[in-house]
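Structure, as structure tokens:
Where a number appears in this text, it was derived from the coordinates with a stated rule and is not lab data. Bear in mind the structure is a predicted one, so any value in this text is a computation, not a measurement. Virtual Cβ from ideal backbone geometry, glycine too; neighbours counted across all protein chains shown.
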Amino acid sequence: MNKKAIFMPLLSFFVLIILTYSYYELVVKDVEDKSSTIGLNQAELVNAYNKGIENEFNAEKAVSHSLNSAINEFSKNGGVNGKCNNLWKFNSDCEPDLEKNFINVFTNELLKYGYDAKEIKINDNSITIILNDFTYKKELKNFNLEYSLPIAVRKELDIDLNKLNSLKDQVKKCLEEGKPLNTCTNEKTEVQENLMVFSIENNKNILIYTEKIETKKPVFVFKINTRDTGIKRETVF
Amino acid sequence: MNKKAQFETSHELIIWIPRIIALVIVAGIVFFLITLPVKQSFEIDKLQETILRQRFLYSENCLAHNDGKVNSGIIDKSKFNQKNLDKCFEANDKIGVNLNLITDKIETINLNQKIAEKLDFCFDKKHFTCTNYTYYVLIQDEKKLESGLLNVAMIKIK
Amino acid sequence: MKKGESAITFVFSLIFLAIVITIFYALFLLSSVNKANFSINQVSLSDVNINLINYLRTPLNTTTVYDLMINSYYNNDYRELETLSENIFNRVYDNERCPLWNIKGEINNEKFFEFESKFDARKYTLSQNPRNFLRIFTDDYLATRSSSFDIVFPDNKKAKITLLEGCVE
């Protein structure tokens, strides 16, 4: 090849080198692209709100499902500990402290969903559950995000605790006054030897999910051993 | 200088002129190719409009319903009025907004009316940046909760 | 002879140069170094999120779509949920601007329902790169965005509900 013909081949060769290197630097190499951070902080901020919404939604649903299960369990056990076998005995471990016992059952059900309540209150047949705050933290370049959302759920109870408490008071008064139990209340009763069995059907439906959905009005059943009620009647001499 | 040398020098110069032209053309092409993947400007108007649009639904000072807690995505019907929305959007006088709340009827509110009126010119991408999105919303009207649509069209003059 | 050699070299160099420039033009054009758009898409994901959460919260007489979803799952009957979903999303995503929507539910990575708009994919390309030269052969390209919600089901099951939308950009 003569010297005069070297120009174009050389030019082609240099163009190839330059383009290959440029392609490598601009496209192939993982260059930290500052433009990708535009709007990322704002996106994270809104994402924090969205996570909060998701958490709040799930907390509310977990409470609903737990309440249904708790009402079912509570009614099945007659408002006392499962070991008591539906037997009410005052001033003992089988004390029918209905609100406290319901809260215990509900707390156990709620724990199955991974929620641990900070506070649970029952007032006028509605329940208020205060859960741990939802917190979301994100650390980005030049941007730290910390979001905290208090979660509280309030629901009407699908079991009439007021009615059950009223019934409990009537029964206790009867026992203290020594009156026959079947005269104290208008509720359905049944005598089984020395046991007086009370059955109260819930006025509202609840949903129970096992393999299928079951809609039912749980029946609240409790028994009182007339010979061992736990109530000490004062003897006047 | 002898005539032969003179002739050769001028001949060399003549040969170099097309080479220089070719070099300039090739350099220009190479420069164009290299700048192809490189973003030379960042158009953030659409990003700005998207973020401002979301404010309508996330902020209780705009449309978000508040019943002790702010329910993002649920619109408080009583907040869908000109006065409240003007106040919610008052910091942004360069963007025109057209809001349509669609239930069984359509309610329309314009913010920054003079700019919002130009929404029909959104085809002119050189002068306007426009965004348009329809949200599926829930509307709390006193005790009734119903579903509806909220269409938010925005326009910004470049 | 020398002149001929020079001419041949020139021509071949020119051809080689043209090929190199064409190849690199195609490579640079097809490269998706368009990261600035990424963050715009990130922000607009919240729009889909709002649609999804409202869908789940939609009131139906005394219940919500969420409850209907649970009932459908336990009864293994999704007809009502499908009709309702179509009614909602066909309203939200009008055919012209946003022709594509898809909603699906998964439990333990197993799909238990999926509904979609009637969408002709041949009219669109799903390329994210607006400078894709294939665009000249198609009408528009569709930008897709999706948002997912992990929701609690009874018996402590976890369901993932995903809404995807495709809008013309």
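Who wins for biggest fluctuation among B:63, B:13, B:33 in a Gaussian network model of chain B, springs between alpha carbons below 10 Å?
B:13
Could you check how many percent of all C-alpha pairs in chain A are farther apart than 29 Å?
Roughly 54 percent, rounded to a whole number.
Counting GluC sites (Glu not before Pro) as exposed when in a DSSP loop with at most 10 other beta carbons within 10 Å, what is the longest stretch of chain A free of them?
In chain A, the maximal stretch lacking such sites is A:33-192.
To test your reading of the geometry: what angle, between 0 and 90 degrees and rounded to tens, separates the Cα axis of helix A:40-76 from the longest principal axis of chain A?
With rounding to tens, the tilt is 20 degrees.
Taking chain A as a Gaussian network, Cα atoms linked when under 10 Å apart, which of A:76, A:137, A:155 shows the biggest mean-square fluctuation?
Comparing A:76, A:137, A:155 in the GNM, the peak value goes to A:137.
For chain B, the longest stretch holding no chymotrypsin sites (Phe, Trp or Tyr not before Pro) located in a DSSP loop with at most 15 other Cβ atoms within 10 Å is which?
In chain B, the maximal stretch lacking such sites is B:43-122.
Residue A:140 versus residue A:195, label points 7 Å from Cα toward the beta carbon: distance in nm?
6.4
Tell me, which cysteines of chain A are without a disulfide-compatible partner by the Cβ under 4.7 Å rule?
Result for chain A is empty; each Cys has a Cβ neighbour under 4.7 Å.
Could you grab the relative contact order for the stretch A:24-128? Cα pairs under 8 Å, six or more apart, rounded to a whole percent.
With pairs under 8 Å counted, the relative contact order is 19 percent.
What is the mean number of Cβ atoms from other protein chains located within 10 Å of the Cβ atom of each residue in peptide B:19-29, rounded to a whole number?
Taking the mean over all residues of the peptide, I get 3.
Taking beta carbons within 10 Å but only from partner chains, what does the mean come to for residues A:15-27?
6
How many Cβ atoms of partner chains, on average, are near each residue of C:88-95 if near means within 10 Å of its Cβ?
3
Run lengths n ≥ 4 of DSSP H only: what is the helix-derived mean residue ellipticity at 222 nm for chain A, with -39500 (n - 2.57) per run over all residues, to the nearest 500?
After summing the helix terms and dividing by residue count, I get -12500 deg cm²/dmol.
Relative contact order for the stretch B:45-157 using alpha-carbon pairs under 8 Å, separation at least 6, rounded to a whole percent?
Contact order relative to length: 27 percent.
Hey, with R₀ at 56 Å, roughly what FRET efficiency would residue C:97 and residue A:104 work out to, going by the Cβ-Cβ distance, to 0.05?
After rounding to 0.05, the efficiency reads 0.55.
Based on the alpha carbons, how large is the Rg to Rh ratio for the protein assembly as shown when Rh follows Kirkwood?
1.22
What is the spin-label model distance, in nm, from residue A:10 to residue C:79 if the labels are put 7 Å beyond Cα along the C-beta direction?
8.3
Nearest 10 degrees, 0 to 90: what angle lies between the long axis of helix B:3-35 and the longest principal axis of chain B (Cα atoms)?
10
Rounding to the nearest 10 and keeping the result within 0 to 90°, find how far the Cα-based axis of helix A:161-177 lies from the longest principal axis of chain A.
Around 30 degrees separate the two axes.
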